[in-house]
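The values are calculated or read from the model by the stated rules, or taken from the named source; none is laboratory data. Since this is a predicted model, take the numbers as computed values, not measurements. Here Cβ is always computed from backbone atoms with ideal geometry, including for glycine, and neighbour counts include all displayed protein chains.
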C-alpha cells in the first residue's frame, strides 16, 4: 500500500467523530470556522514584511483581536489536518454491554517439536494474560482461540524409539500434544488442518484414517467448524483433508468438495443485509486475497493458494467472497513470514491511483506468522489478535519477542452492512524486505503489460531476458503469462495471482519470448506421416471462433515451443505427492544396493552416480530427472509428466 493511498484511507476513515479521536471542541471549532479560514488563509499565509507587532501598532483593539483570532483559527485548522494525517486509527473498544463485542486469538503454524517447547510456553503465557483480561471484560463465551493448523514438526523429533525415522507431524502423539497445548489457554479453541496435519504416513495408511484420528483427538465432529462468538458474528474454519491422495504436491492445502458446499450454503444463509459478520480461517489463503508476502517455493511447487492445482475450485473461494459480503475477514498462515509487512493485510478496496478495483467483496485478508523461532523464515515470532464490536474490528499483532506486546495493525470500520473503511495503523516495519521473495502480481495496464492476445506476431521481450525483466501478457485463450525474477510464471486469468512456474531462469535468461498465431484455419499442417494422426489436420477447425497462439522462447541457437498441459494451463505441475516420492526413493535405494552388488563400483557414492530414474523423483523445477538434460531439437520441450 502506497503512503499516499494509506493517508487517503486514513482521511476517509477519520470522517466521523468516533473515528478521529479528536476532541469534540476541536471538531466543532473547525467546522464553525472553516469558511472564515478559507477566506482569510491567503492573507495570513502571506503577511506583510513588517513584524506582527508593527502591523498592529496604533490600531484599535477590535481589529487587533480580530486578526489574532484569524491567526489562531488558521493554526487550529492546520493542527487538525496534521492530526488527521498522522493519528492512529480508531480504537475498537470491546464492552460486555455491546452484544457484538468479541476477542479471538489466532495462532499460525505451530510445528510443535516436543524437544523445543520453550517458545510455546512463552507464547501461551502471553495469550493467557490477554484472554484473562478479555474474559473479565466480555465473559467466557465471547473469547476464543483459533489454530490455523500445521500443528507438528515435519521431521523426526525423537518421539518414537521404535521408529527413528517417523515424522512427528500428523501422528497420534503430535495431535494429542497439540490438543493438550491448545486446551491450556483457558478459552475454547478451534483448529483446522493444514498441509502437514495428515502426515502420519508411518502410522496411518490412508488420509481417511489419519483424519479420523485428528478429529477425535481435537474433539471435532467435522473438518470444518462454525462458532458463534458474538451477536450475528461467526468464526468459520475450513480444513485441508488430502495428503496421500494429492494429485501433485502433498503440501497443497486442499479443501474437499463437501466442505466447499457446506461453506457456500452457510454464507448464503447469513446475508450481510441482515447484519451477519463472518470471519473465515484456513491454513493457506484463497487465490485473489491480494496477500503478496509469498515465498518462491510456494509458487514453484504449486501450493500458494487453497486448492491451488484445481483451477475451478481454486477460484471458487474468492467468488464466494465477492458474492457474499457477510464475509468480513479471512485469516491464514502457511508462509511462515511475519506481520510487519503492510501487505500481510489487504483491504477490500484500494486507492484508485494504485490500480483497478480488486473486487474482494467486503473481506479483509490477513497473514499470520509463527510462534516458535525455529519455524520462522524471517526471524519474527508473532500471532494475531482479532477484536470486534458493533462498529467494526481491528487486526492486531501479539509480538512474542517483545513480551507479548499488542500492536494494532489495521482498523476496519463498518459504514453499513456491506461496506467498510480500512486504516493501516503503521508504516511497513519490515527490515530487509527485499530479501524475502515478494511475488510480482500484474495489474491491468501497469508498466509490464504487453498486448499479445490480438496480435498475429508479438515480440514480448525486445531484449534478452535478465533478472530485472518484467513483462506479462494475455494470450487469446485467456491464459496470462509473465516474466519476473528471470522466470516465466503463469497468473490466474481473473485475479492475476501467481499460479506457478512455466520456465525457470536456467531455461529463460538470455533468451527472448514471442507470441505467434498458430491457428489451423488453412489446414496447412499435415499429420499423415504420423501413425494414428491420419485425417486429424482439420479436426478442430469446425469449432466456432477457433483460434490459437503459440508461446515461443528463442535465441540465436534455436526456438523452444512452450507447450501447455492437457488442461490448458502452462505452469509445471511436476511436484509429486510425498507418498509417491518416498516410494520412488525406495526404488532408487534398491537400485543402488543392486549396483553395489552387481556392478564394478567401489563405494555407495559411486553406485549412486550410476543410478538414474527414467522420470522423477523431481529434485529441481526443470521437469527433467536427469541432470544436464535440456530441450533438444524436434523434442517437445514443454511436455510435463503428470501421472
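Would you pick out the residues in segment 197-210 that are more than 13 Å from residue 172 (Cα to Cα) and at pLDDT below 95?
205
Take the conditions in a loop (DSSP other than H, G, I, E, B) and over 30 Å from residue 139 (Cα atoms) and apply them to residue 250. Does it pass?
yes
Check 168, 204, 185 and return the single one that is more than 27 Å from residue 369 (Cβ to Cβ) and either crowded, with 21+ Cβ neighbours inside 10 Å or in contact with a strand residue (DSSP E or B) (Cβ under 8 Å, 6 or more places away or on another chain) (or both).
Selected residue: 204, the only one of 168, 204, 185 that is more than 27 Å from residue 369 (Cβ to Cβ) and either crowded, with 21+ Cβ neighbours inside 10 Å or in contact with a strand residue (DSSP E or B) (Cβ under 8 Å, 6 or more places away or on another chain) (or both).
Name, by its number, the condition in (1) more than 28 Å from the chain's Cα centre (by Cα); (2) surrounded by 14 or more Cβ atoms within 10 Å (Cβ to Cβ); (3) over 22 Å from residue 372 (Cα atoms) that does not hold for residue 173.
Here residue 173 clears every test but (3).
From the list 260, 254, which one is crowded, with 23+ Cβ neighbours inside 10 Å and under 20 Å from the mean Cα position of the chain (by Cα)?
254
Mind listing just one residue for me: the one in segment 517-557 that is over 14 Å from residue 477 (Cβ atoms) and at pLDDT 85 or above and, of those, surrounded by the most Cβ atoms within 10 Å (Cβ to Cβ)?
So, considering only residues that are over 14 Å from residue 477 (Cβ atoms) and at pLDDT 85 or above, the one surrounded by the most Cβ atoms within 10 Å (Cβ to Cβ) is 553.
Is there a residue being more than 17 Å from residue 506 (Cα to Cα), modelled with pLDDT of 85 or more and part of a loop (DSSP other than H, G, I, E, B) anywhere in segment 480-491?
For segment 480-491, residues more than 17 Å from residue 506 (Cα to Cα), modelled with pLDDT of 85 or more and part of a loop (DSSP other than H, G, I, E, B): absent.
Could you pull out the residue among 191, 128, 94 that is surrounded by fewer than 23 Cβ atoms within 10 Å (Cβ to Cβ) and in contact with a strand residue (DSSP E or B) (Cβ under 8 Å, 6 or more places away or on another chain)?
Result of the check over 191, 128, 94: 94.
Going by the conditions given, is residue 268 surrounded by fewer than 17 Cβ atoms within 10 Å (Cβ to Cβ) and either touching a residue at least 60 places away in the same chain (Cβ under 8 Å) or outside the structural domain of residue 504 (by TED's automatic domain parsing) (or both)?
When the stated conditions are applied, residue 268 passes them.
Just the residues that are over 22 Å from the mean Cα position of the chain (by Cα), surrounded by 24 or more Cβ atoms within 10 Å (Cβ to Cβ) and outside any strand (DSSP E or B), please, taken from segment 135-152.
Answer for segment 135-152, where residues must be over 22 Å from the mean Cα position of the chain (by Cα), surrounded by 24 or more Cβ atoms within 10 Å (Cβ to Cβ) and outside any strand (DSSP E or B): just 142.
Of all residues in segment 153-165, which are surrounded by fewer than 20 Cβ atoms within 10 Å (Cβ to Cβ) and on the phi < 0 side of the Ramachandran plot?
154, 155, 156, 159, 160, 161, 162, 163, 164, 165
Please verify whether residue 237 is surrounded by 24 or more Cβ atoms within 10 Å (Cβ to Cβ), under 28 Å from the mean Cα position of the chain (by Cα), more than 14 Å from residue 110 (Cβ to Cβ) and free of Cβ contacts under 8 Å to residues at least 40 places away in the same chain, treating the condition exactly as stated.
It is false that residue 237 is surrounded by 24 or more Cβ atoms within 10 Å (Cβ to Cβ), under 28 Å from the mean Cα position of the chain (by Cα), more than 14 Å from residue 110 (Cβ to Cβ) and free of Cβ contacts under 8 Å to residues at least 40 places away in the same chain.
So, of the residues in segment 558-570 that are modelled with pLDDT of 90 or more and assigned to a loop (DSSP other than H, G, I, E, B), which turns out to be farthest from residue 478 (Cα to Cα)?
563
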